[in-house]
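As structure tokens, the structure follows; a few thoughts come after it.
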Amino acid sequence: MGDAPHKILLDESEMPTAWYNVIPDLPAPPPPPLHPGTHEPVGPDDLAPLFPMALIEQEVTGERYVDIPGEVLDVYRIWRPSPLFRATRLERELGTPARIYYKYEGVSPAGSHKPNTSVPQAFYNHREGMECEVWQVAASYRSKPYRRTMMEIWGATVHSSPSEVTEFGRSLLAEDPNHPGSLGIAISEAVAMAVADPATRYALGSVLNHVLLHQTIIGEEALLQLAKVGDVPDVLVGCTGGGSNFGGLAFPFLREKLAGKMNPTIRCVEPAACPSLTKGEYRYDFGDTAGMTPLMKMHTLGHGFIPDAIHAGGLRYHGMSPLVSHIYELGLAEAIAIPQRECFAGALTFARTEGIVPAPEPTHAIAAAIREALACKESGEEKVILTALCGHGHLDMAAYEQYLSGEMVDLDLSDDAIAAAMAEVPVL
Ligand SMILES: *Cc1c(COP(=O)(O)O)cnc(C)c1O
């Protein structure tokens with residue numbers, strides 16, 4: 001263990017130049033999104049008010065690989081290829097025979113995996129002359145003010161959601177001026193703006209096929225990096241909010257698994273306060289709270305479900321990527337839910353050994369990796385565990401302060417709250 005490499009790097013020249021589309025390799029295609037009025041599958045024309053055509057094509061493509069535009073590769077090279085770390089100090093602290101690897105996406109300018117998709121989305125939208133306005137979930141807007149400042153530095157206008165800008169936002173603020181917001185509400189507001197103005201498009205951070213496609217650069221790099229040290233994962237764990245960092249890491253490994261070249265267990269980790277895969281139903285629902293998007297077949301807690309304001313704001317989504325949901329239904333991935341205090345306890349162990357302070361979202365992946373490593377300690381198995389540390393937590397100190405002061409609580413989710421939201425899901 002002493003001479004194991006801690007940091008596994010790729011040269012710029014080794015960076016993958018295509019994104020991977022898992023759909024053609026799956027045993028069955030995912031169910032299509034449906035028009036909310038007709039319940040017929042949506043076509044490219046239905047999506048044209050929302051997205052530039054290049055992204056619509058990527059959303060529905062049957063090609064296994066999509067070339068990354070040269071302009072996007074140039075921007076990726078600011079921080080990519082990202083490092084793969086072997087967590088040797090964490091392994092030693094846990095006393096586990098397992099080998100733990102984490103792919104670190106906190107090296108991007110924003111400090112997370114999001115720029116892997118925001119750069120190509122900005123590229124395709126910019127060709128159609130767009131500027132950027134952001135609806136940031138109110139709970140995050142308040143607890144992470146520096147996130148907003150960073151977006152403003154890069155030229156965006158930022159609204160706290162619910163906002164006074166849209167009718168839906170105003171109606172929610174009238175009910176509760178301190179409304180915490182949710183990702184579903186922020187999506188409703190941004191979609192309303194795009195639908196109302198032919199010169200405006202909608203960009204999103206997760207959930208849809210093209211976003212997961214862009215994130216596959218994570219897994220493609222990790223495959224090359226693990227090959228350099230001659231390791232193959234036995235267990236792959238990732239945190240799932242809308243499913244993009246998970247899909248980005250997992251799908252290239254799923255390709256290898258389906259081809260019979262490796263056989264990792266692939267596991268989603270979600271917060272106990274927003275457990276769409278483990279407690280939601282697999283059925284058609286809206287992607288947003290107001291019910292404006294196409295209906296998507298996914299694991300959902302109900303589009304009206306407003307999760308408690310846990311610190312992992314990026315995991316506060318009522319649904320799940322339809323593609324990750326489909327893969328879960330096919331039995332190609334499993335899922336667990338972990339409460340936030342176990343996650344932060346794991347994050348502290350991680351930060352005190354590996355040095356990096358994780359964002360609240362990937363603390364779920366770390367906690368799951370630690371569970372697995374401790375199980376290996378019991379069984380004596382030398383498993384290879386791979387996870388994504390999808391962002392650093394430098395702007396999440398308020399959450400860490402709460403944990404350190406002992407004020408953080410695990411939020412109990414009642415089945416009644418889920419049942420009430422599920423009652424509003426359309427019956428097809
Ligand atoms: C947005 C975000 C998430 C959740 O989104 P996914 O699509 O599930 O990856 C997780 N972690 C970080 C750091 C995020 O910014």
Packing-based order for 401-409, 332-340, 364-372, 20-28, using average beta carbon neighbours within 10 Å, highest first:
364-372, 332-340, 20-28, 401-409
Tell me the net charge near Asp415. Cut-off is 15 Å between Cβ atoms, Asp415 excluded, with +1 for each Lys or Arg and -1 for each Asp or Glu.
-3
If packing is taken as the mean number of other Cβ atoms within 10 Å per residue, what is the order of 146-158, 291-303, highest first?
291-303, 146-158
For the range 1-90, averaging the sequence separation of alpha carbon pairs under 8 Å that lie six or more residues apart and dividing by its residue count, the contact order in percent is 53
Percent of C-alpha pairs per 5 Å bin, the range 131-196, short to long:
4, 20, 29, 25, 16, 6, 1
Estimate the FRET efficiency between Glu131 and Ile78 by the formula 1/(1 + (r/R0)^6), using the beta-carbon distance for r and 30 Å for R0, to the nearest 0.05.
0.90
Set Lys144/Lys228; Lys103/Lys257; Lys144/Lys261; Lys103/Lys261; Lys7/Lys257 screened for pairs whose C-alpha atoms are more than 31 Å apart:
Lys144/Lys228; Lys144/Lys261
Can you compute the helix-only [θ] at 222 nm over the chain? Use -39500 (n - 2.57) per DSSP H run of at least 4 residues, normalise by all residues, nearest 500 deg cm²/dmol.
-11500 deg cm²/dmol
Rounded to the nearest whole Å³, what is the per residue volume of the convex hull around the Cα atoms of the chain?
137
Can you work out the FRET efficiency for the pair Glu40 and Glu256, with r the C-beta to C-beta distance and R0 = 41 Å, to the nearest 0.05?
0.70
Can you give me the distance in nm between label points at Tyr146 and Gln402, each placed 7 Å from the Cα along the Cα-to-Cβ direction?
1.8
Using alpha carbon centroids, what distance separates the range 360-428 and the range 10-33, in Å?
26
What is the distance, in nm, between label points placed 7 Å from the Cα along the Cα-to-Cβ direction at Arg64 and at Ala227?
1.4
With a point put 7 Å past each Cα toward its Cβ, work out how far Ala420 is from Glu381 in nm, to one decimal.
4.1
Ordering of 321-329, 223-231 by burial proxy (mean other Cβ atoms within 10 Å per residue, highest first):
321-329, 223-231
R0 of 41 Å, Cβ-Cβ distance Asp308-Ala18: FRET efficiency to nearest 0.05:
0.55
Provide Phe123, Phe253 ordered by accessible surface of protein heavy atoms (probe 1.4 Å), highest first.
Phe123, Phe253
In the chain, which whole DSSP H runs stretch at least 27 Å along their own axis (Cα) and average -0.5 or higher on the Kyte-Doolittle scale?
209-228
At 0.36 nm per residue, and after removing the present C-alpha to C-alpha distance, how many nm does the segment from Val409 to Ser171 gain when stretched out fully?
82.6 nm
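The values are calculated or read from the model by the stated rules, or taken from the named source; none is laboratory data. In this text, all values refer to a predicted model and were calculated from it rather than measured experimentally. With ideal geometry, Cβ positions are generated from the backbone for all residues, glycine too; neighbour counts draw on all protein chains shown. These area figures cover heavy atoms from the full protein model, side chains too; ligands, DNA and RNA do not enter into them. Shrake-Rupley method; radii C 1.70, N 1.55, O 1.52, S 1.80 Å.
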